[in-house]
Amino acid sequence: MHINQPGRLPVQENTPTTPATPSTTNNTSVKPTKQDSFSSAHRTQSQGAEKSASTPTTPKVSEINHSSIFSSRAFSPEFKEAYIVARVAIESPENKYYENQLGWLSPTAEAAVKKLASVVANKSANTPSAVAARTAFSMSGLTQNEQNAWAMLADKLPPIYKTYLPTCSPWRNVEKNEVATALAADSAMADMIKRPEGEKFLEGLVNILNEKTQSMTPTEHGMAITFRFPECYGTTGHIALAGVWRDETGRLKISICHQESVPIDKEESNYKGVVYDHFDTSSEYPGQVSPTVECMRLAGPPSANVFPCPHPEAIIKATRDIAGQENARQYAPTYTWLPKRGIQPQGAPPETCFNVTHKVLAAMYYATPHDEQLLPDILMKMAPFSSYTHQQFETLKLPNNRMVNVKDIPSLEFSEQAFLFLSIGGKWGLDMPWDVPIQTKSQPINVTMKPGQTGITLPRESRGIKFSKPPIGLTLDGMRVKHRKTYSTTEAARMVYTGTGKDGKFIGVTSVSLGSQAKI
């Protein structure tokens, strides 16, 4: 936190200060305004204090007896954890030294109070972002015991933290050019925003970021973005996550996290989930294609939802900790999926792109999730972030017209689980609006070609075609046509079916702009 004058917190120009009232439910007045504790000037002035050999050190949490802190059980795990860490830091000799010598909290104490303030805000605020977080991470509202504990802790803070209420954070409105620059750090997004449709996506993202800025609370330091890539894996939509924040210099940063479903045998009957911090995985993915890149070539930019969050930069470490082939998990939406398919589960529980998004998003909200099945658990929890309702998938129909509850999916036979998984995968996020909407409509297309036939005729205004499964016998300019790869309409017109005997039957996906008159 930058402290410009002794005894005073910085306040946004022309923004009135508000006296802190720690006893109120939504009070987050002690939220530091920067993750970096001191300005460069104050680092210089306090250098001796920070580096002095006589400076007391902070004891470990385990060394403190906290039995007297929580005499009641009316405390949620996330509040209790954050509260204990904050109280230990505030009462530590190190922090007392800072308070006595400098009049403000030590960096450790300030960071701990910041985290606790964010937990309080997530549990008590009525913003869409806080409500979504409570749903996603099973957070209860702020109880009276928690409110009282928060008020008592806030009362222990130096007067500087109680006299002035910060009404702003390092976050501020974004400009189009800086969003473009931050997005361009990812090569796939850089290519996408160069196109006319990418320009429209960029404008929509800038507008919604600035719109959401107006409703940010003092504990929110940036944004979380959830993306929906339509028909990314066949007809299945893919979810991905980004964090948006400003670094210590004020530069806008955007970091990405998503899990791709990667086949690990030639028959593509078994998959692993690999986490990446970038979208273009063509150098690593089988067939040298990138599912998200090919999806954007076929269907244009993804749709996006934006949510203010307290710790957007946490996406970097949270992603790094689980990314790469060495951290890959088996891919499956339920814990019974693999054994019912005759595959032996190995190591950590299997997961999907939704599980990974939920896990990393939790870090951005100072929440602690645990491994859960996509179906039904994560599907229900991620609804507010993914533009669908709980009711949409509460009951589902099998091919034999039997209705089942989503909670019963893990108990079903594999073929039934697979049918419902693919059905949900193609429908989630389609029935509710997104902050930045999709610009195209994609649907499956069945292609039948006679031996020796040249050319696939696509619906008028189609952007191209992508095959969901290997199109055996289909060639383009003498080369085998790949599945997952997007081909233009002109390339489709040159494709040749080299098979003999029976007609070739292929399942593909095509897409048209929503403004066109084409019908698929």
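Here Tyr497 meets each of (1) farther than 20 Å from Lys450 by Cβ; (2) in contact with a Pro (Cβ under 8 Å, 6 or more places away or on another chain) with one exception, condition (1).
Restricting to region 374-394, what's the tally of residues that are open to solvent by less than 80 Å² (accessible area, probe 1.4 Å), assigned to a helix (DSSP H, G or I) and not charged (D, E, K, R)?
12
Counting only residues that are hydrophobic (A, V, I, L, M, F, W, C) and assigned to a loop (DSSP other than H, G, I, E, B), which one in region 303-361 is farthest from Phe385 (Cα to Cα)?
Ile343
Where in region 70-132 are there helices (runs of 4 or more DSSP H), lying fully within it, with 1 or more residues that are touching a Gly at 6+ places or on another chain (Cβ under 9 Å) and polar (S, T, N, Q)?
107-124
When region 200-228 is filtered for residues that are at pLDDT 95 or above, open to solvent by 20 Å² or more (accessible area, probe 1.4 Å) and either in contact with a Cys (Cβ under 7 Å, 6 or more places away or on another chain) or small (Gly, Ala, Ser) (or both), only Gly204 remains. Of the set (1) open to solvent by 30 Å² or more (accessible area, probe 1.4 Å); (2) at pLDDT 95 or above; (3) basic (Lys, Arg); (4) outside any helix (DSSP H, G or I), all apply to Lys266 but (2).
Anything in region 269-285 that is within 16 Å of Thr319 (Cβ to Cβ), open to solvent by 50 Å² or more (accessible area, probe 1.4 Å) and part of a strand (DSSP E or B)? List them, or say none. Of everything in region 269-285, nothing turns out to be within 16 Å of Thr319 (Cβ to Cβ), open to solvent by 50 Å² or more (accessible area, probe 1.4 Å) and part of a strand (DSSP E or B).
Given the options Glu351, Glu313, Glu294, Glu326, name the one that is among the acidic types (Asp, Glu) and within 22 Å of Ile193 (Cβ to Cβ). Residue meeting the stated conditions: Glu294.
Taken together, Arg484, Arg494, Arg480 contain a single residue that is in contact (Cβ under 8 Å) with a residue 40 or more places away in the chain, over 19 Å from Glu231 (Cα atoms) and either in contact with a helix residue (DSSP H, G or I) (Cβ under 6 Å, 6 or more places away or on another chain) or surrounded by 12 or more Cβ atoms within 10 Å (Cβ to Cβ) (or both), which is Arg494. Kindly indicate the residue of region 324-340 that is among the aromatic types (Phe, Trp, Tyr) and open to solvent by 30 Å² or more (accessible area, probe 1.4 Å) and also farthest from Ile264 (Cα to Cα) among those meeting that condition. The selected residue is Tyr335. Is it true that some residue in region 433-445 is under 13 Å from Phe506 (Cα atoms) and either out of contact with any helix residue (DSSP H, G or I) (no Cβ under 7 Å at 6 or more places or on another chain) or of a type in the set (A, V, I, L, M, F, W, C) (or both)? The answer is yes; a qualifying residue exists.
Here Thr368 fulfils each of the conditions (1) outside any helix (DSSP H, G or I); (2) within 30 Å of Ala111 (Cα to Cα); (3) open to solvent by less than 20 Å² (accessible area, probe 1.4 Å) apart from (3).
Taking region 229-251 as the range and being of a type outside the set (Val, Ile, Thr), in a strand (DSSP E or B), out of contact with any Cys (no Cβ under 8 Å at 6 or more places or on another chain) and open to solvent by 10 Å² or more (accessible area, probe 1.4 Å) as the test, the residues that pass are Tyr233, Trp245, Arg246.
For region 395-511, the strands (runs of 3 or more DSSP E) that sit wholly inside it and include 2 or more residues that are among the basic types (Lys, Arg) and under 35 Å from the mean Cα position of the chain (by Cα) are 462-467. Taking region 373-404 as the range and being free of Cβ contacts under 8 Å to residues at least 24 places away in the same chain and farther than 23 Å from Ala348 by Cβ as the test, the residues that pass are His390, Gln391, Glu394, Thr395, Lys397, Leu398, Pro399, Asn400, Asn401, Arg402, Met403, Val404. Looking across region 232-281, the residues that are over 18 Å from Ser468 (Cα atoms) and touching a Gly at 6+ places or on another chain (Cβ under 6 Å) come down to Val244, Trp245, Ser255, Gln259.
The values are calculated or read from the model by the stated rules, or taken from the named source; none is laboratory data. Small disclaimer: the values here were computed from a predicted structure and weren't measured. Cβ sites come from the backbone with ideal geometry, for glycine too, and all protein chains shown count toward neighbours. Note: accessible area is taken over every heavy atom of the protein model, side chains too, but ligands, DNA and RNA are not part of it. Shrake-Rupley method; radii C 1.70, N 1.55, O 1.52, S 1.80 Å.
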